[in-house]
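The values are calculated or read from the model by the stated rules, or taken from the named source; none is laboratory data. Remember, it's a predicted structure, so these values are computed and weren't measured experimentally. Don't worry about glycine lacking a Cβ; one is built from the backbone with ideal geometry, like all the others, and counts go over all protein chains shown. What goes into the accessible areas is simple: the full protein's heavy atoms, side chains included, and nothing from ligands, DNA or RNA. Shrake-Rupley method; radii C 1.70, N 1.55, O 1.52, S 1.80 Å.
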Amino acid sequence: RELLPTERIRSAAQPRELPERFEPTLLDLTIEAHDGPAALHDMLHDGERDALVVLRQGEIVLEWLAPGVRTDEQHLIFSITKSVTGLLAGALSSRGLLDLDALAVDVVPEIAGSAFATATVRQLMDMEASFAFVEAYTPGPDLTAYRHAAGWYPAPPGAAARRDYLASREPDGPHGERFRYLSPAIDLLGWVCAASAGTTWAEAVERYLWQPAGTELGAHVTLDREGTPRAAGGMSALPRDIARLGQIVAERGAGLVSEDFVDDLLHAGHRDQWARGDFAWMWAEGAYRSCWYTPNVDPDVAVGIGIPGQMLYVDVAREVVVVILSSWSEPDDEPSHLDNHTICRTLAHTLGG
C-alpha cells in the first residue's frame, strides 16, 4: 500500500480465538522434497519462505516466521486472492445474490461483445473460460498490458484500465472445454461479485467473509487508477487471518457459505478438463473448482496457490489448515510449488493420521 493505491478490508470487532497448542517438534519432520529428503526447518530457512501457520481443529499447532517478518504485518498472497474471490462467489450464491449458472454478461452488461459475453459465472470460477491471453511470468506483451491495466506497472498514455481491458478481450475457442489458467477471468469474477453485492469487491469480502471469519487484522487489495481491485491477485493479509479463512472450508462453510457449495468445491471439479489443461503435470487426477485446486491425492483437500510461493492448504477430512507464504526469487518455480504441497500434506498426515 506504500507503492500502489489500495482499498481496506476491515477486521472483525471480536477476532476468533485460535488457541495455541504448539508442537515445535513438527519443524523436525522430514519432507520428501523434489531434490531429496530435508528437515522442514531447513526448507523454511533455506527456501525463501516467510511464514508458516498450521491449524489442527482450529488450534495453532505450529507457527514460524522468518527473521524480519513481523506478527502484525500483512503479506501479499498473490493468487490465493482468487480463492478468496471464489469463496465470496459462494457466499453470495448461498444468499441468493448470485446465480453461478448465469451468463456473466447478465450481471455485467459492459462485457457484451467481448470473449466473455458467452461465458457463465461458473466457467469463470473454474477457469474454463477461453479468450486470447498468454499467462507467462517472464513478461510478454499480454502480461505487460494486463499489469498496466491492473496498475501494477505505470500505465503509458492510452492504456486501458482494468474494466475496459476485460471488456476488450478477444475470443480464442469455445468455453468449457479445458482448464486454462488465465487470471483476467477471476478479475471479471470479482467484478461480477461486486455488482451482485451492490458494493465494492473489498466491501463484499469484508461483509461476507473477512469479518464473519473473525480476522484479527485488516487486509487490503490493490486498485487500478479507476479504483477497481485486482480480485485475481492483489490482496495482502496476516498469515493467521489467511488460516482463519481456510477454516471456512475446513468447517464445511462455517455458516458463511453453504455446505453444498463446499462439497461441490471438493468433489465436482472436471478432471477431464484438467487433464487437457495448463497444469496437468501437477497432479494426474487434479481439478480446479470455484477458484481452488483439488489435487485428489487425498480425499477432501482444497488448495489455494499463488506466485511466488504462496499456499493455503485445507484438509477437510483431517481438520488441518496450513498456510505457507514466501518471497521466491523465481515467481513460478514448479518444483518448489510441489514441495510446498508435500510440506502441507506431510503436516496434515502427521497431525491427522
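What number comes out for accessible area per residue over the chain if the probe is 1.4 Å? Units Å², please. Ligands and nucleic acids excluded, the figure is 38 Å² per residue.
Could you give the semi-axes, largest first, of the ellipsoid that matches the stretch 261-312, computed as the square roots of 5 times the alpha carbon gyration tensor eigenvalues and rounded to whole Å?
Numbers: eigenvalues 48, 42, 18 Å².
So the equivalent ellipsoid measures 16, 15, 10 Å along its semi-axes.
By a 1.4 Å probe calculation restricted to protein chains, residue 264 has an accessible surface near 40 Å², given to the nearest 10. Across the chain, the relative contact order, built from alpha-carbon pairs under 8 Å that are at least six residues apart, equals 25 percent. From largest to smallest, the equivalent ellipsoid semi-axes obtained for the stretch 83-190 from the alpha-carbon gyration tensor read 23, 15, 14 Å. Each label was represented as a point 7 Å from its Cα along the Cα-to-Cβ direction; for residue 285 and residue 264 these points are 2.3 nm apart.
When the dipole is taken about the Cα centre of the stretch 175-319, and only Lys, Arg (+1) and Asp, Glu (-1) are charged at their Cβ, what size is it in debye, to the nearest 20? Display every interim value, and only then the final one.
Details: 12 positive and 20 negative charges, 69 e Å.
So the magnitude is around 340 debye.
Plainly put, the chain has a radius of gyration that is 0.94 times its Kirkwood radius, both from alpha-carbon atoms, as the Rg/Rh ratio.
In order along the stretch 213-224, phi translates into HN-Hα couplings of 6, x, 5, 9, 9, x, 10, 8, 9, 6, 10, 7 Hz, rounded to whole numbers, per the Karplus curve 6.51 cos²θ - 1.76 cosθ + 1.60 with θ = phi - 60° and x for Gly and Pro.
In this Cβ point-charge picture (+1 for Lys and Arg, -1 for Asp and Glu), the stretch 48-181 has a dipole of about 100 debye about its Cα centre. Using only the alpha-carbon atoms of the stretch 304-350 as identical scatterers, what base-10 log of I(q)/I(0) does the Debye formula give at q = 0.17, 0.31 Å⁻¹? Log-scaled intensity ratios, in q order: -0.45, -1.13. Ligands, DNA and RNA excluded, the heavy atoms of residue 114 present near 10 Å² of accessible surface to a 1.4 Å solvent probe. Using a probe of 1.4 Å, the accessible surface attributed to residue 138 totals some 120 Å² when neighbouring protein chains are kept in position.
Quick note on the stretch 182-303: its Rg to Rh ratio, both from C-alpha atoms and Rh being the Kirkwood radius, is 0.98.
Over the Cα atoms of the stretch 13-142, what is the Rg over Rh ratio if Rh follows Kirkwood? Show your work: numbers first, answer last.
Numbers: Rg = 20.9 Å, Rh = 19.1 Å.
My calculation of the ratio gives 1.09.
Sorted largest first by accessible area at a 1.4 angstrom probe radius, with every protein chain in place, the residues 1, 318, 163, 225 fall in the order 1, 225, 163, 318. When a 1.4 Å probe is rolled over the protein heavy atoms, the share of accessible surface on the stretch 48-195 that falls to carbon and sulfur comes to 51 percent.
Figure note: 313, 208 ranked by solvent-accessible area, largest first, 1.4 Å probe, ligands and nucleic acids not counted: 208, 313. With the cut-off at under 19 Å, measuring from each backbone N in the stretch 318-336 to a point 7 Å along the Cα-to-Cβ line of residue 34 picks out 324-336.
When only the heavy atoms of the protein chains count and the probe is 1.4 Å, how do 4, 209 rank by accessible area, highest first?
Values: 4 50, 209 0 Å².
Result of the area sort, largest leading: 4, 209.
Couplings 3J(HN,Hα) of the stretch 78-88, computed from phi: 6, 7, 4, 3, 4, 5, 4, 5, x, 5, 4 Hz, in residue order, whole Hz [Karplus 6.51 cos²θ - 1.76 cosθ + 1.60, θ = phi - 60°; x for Gly and Pro].
Here the chain is assigned +1 on the Cβ of each Lys and Arg and -1 on the Cβ of each Asp and Glu. Its dipole about the Cα centre then comes out at about 820 debye. When the chain is described by a simple charge dipole with +1 on each Lys and Arg Cβ and -1 on each Asp and Glu Cβ, the residue from 310, 321, 131 located farthest towards its positive end is 131.
Spin-label model, residue 332 to residue 298: label points 7 Å out along the Cα-to-beta-carbon direction sit 2.7 nm apart.
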